[in-house]
1. Output the number of the condition that B:Leu56 fails; it satisfies all remaining conditions of (1) over 17 Å from B:Arg96 (Cβ atoms); (2) in a strand (DSSP E or B); (3) away from chain A (no Cβ under 12 Å).
2. Got a number for residues in region A:59-83 being touching a strand residue (DSSP E or B) at 6+ places or on another chain (Cβ under 7 Å) and more than 8 Å from chain B (Cβ to nearest Cβ)?
3. So in region B:22-53, with the set limited to residues that are part of a helix (DSSP H, G or I) and among the small types (Gly, Ala, Ser), which one is surrounded by the fewest Cβ atoms within 10 Å (Cβ to Cβ)?
4. Please go through region B:112-140 and pick out each residue that is of a type in the set (D, E, K, R) and at the interface with another protein chain (Cβ under 9 Å from one of its Cβ atoms).
Protein chains: 2
Amino acid sequence: MQGIAFRAATEDDLPAIVEMLADDPLGREREAPGMPLAAAYRAAFAAIDADANQLLAVAEDAEGVVGTLQVSFIPGLSHTGAWRGQIEGVRIAARRRGSGLGAAMIEWAVAQCRARGCRMVQLTTSKSRGDAQRFYDRLGFRATHEGYKLSL
Amino acid sequence: MQGIAFRAATEDDLPAIVEMLADDPLGREREAPGMPLAAAYRAAFAAIDADANQLLAVAEDAEGVVGTLQVSFIPGLSHTGAWRGQIEGVRIAARRRGSGLGAAMIEWAVAQCRARGCRMVQLTTSKSRGDAQRFYDRLGFRATHEGYKLSL
């Protein structure tokens, strides 16, 4: 996608990432985007950064960070020992929504999974996000599973 | 649960685990339980074992291994930097199905997530597994998400 670069996030990207996580109907109830940034975000970044099987990524245009997602590379026994790539925390900055950036970013993430030898890419999306469901349907994902959560 | 121990799996447990993965309506089409065990299973076990954020577990009774699941501990930024525990590959040996072992094993896995500071436990289950859905509903999980997969 012209004028857009995808790359691993650095700690300097954290405020922009948290702002995108918070600028969302579900995110605004559970994130703390104010500065100075909550220590929990810095601790989470350090844990992600220390784990070779986690890839926190950003999309950047000439004006700054405009998208984010996280890929977890998960080894497993099922499917005859298949690695899975799992995508979480997908957000596009308001000024770039509807530009095709989301599709380009997911395609980039899928390519990272392929390069790491994953045989499957998986993600869940809230049943309240109808637009997201149509988006993943269009990208060839299939909603074959129920996604269960238990809060602790 | 009386007479049952839950513990991290060792490489010696692999044949029993693979046999359980294969003894399943979906698993029998995608697993290779014959001996000698496919090299891909040994490679997958090595990758799981080398990753401090993966816990492959078994349940054992006096006669041997009778259950398995994998927990992935995933650091993330969303939910103000929450760790998640993710459960995959849940199987109970045919001779112990219907005994309450599945519920005990999930409760043990949830306790591992709690001990690691996770604020959420998540899993997906195929929409074709109606019994599994009722099982997770009973255990307090909520099917709030659509689970998407893309095969590579």
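FYI, it's all coordinate maths here, none of it is from the lab. Please read these numbers as outputs of a predicted model, since none were measured by experiment. Here Cβ is always computed from backbone atoms with ideal geometry, including for glycine, and neighbour counts include all displayed protein chains.
1. The single condition B:Leu56 does not satisfy is (3).
2. Of the residues in region A:59-83, 9 are touching a strand residue (DSSP E or B) at 6+ places or on another chain (Cβ under 7 Å) and more than 8 Å from chain B (Cβ to nearest Cβ).
3. Applying the filter and picking the extreme gives B:Ala39.
4. B:Arg114, B:Arg119, B:Lys127, B:Arg129, B:Asp137
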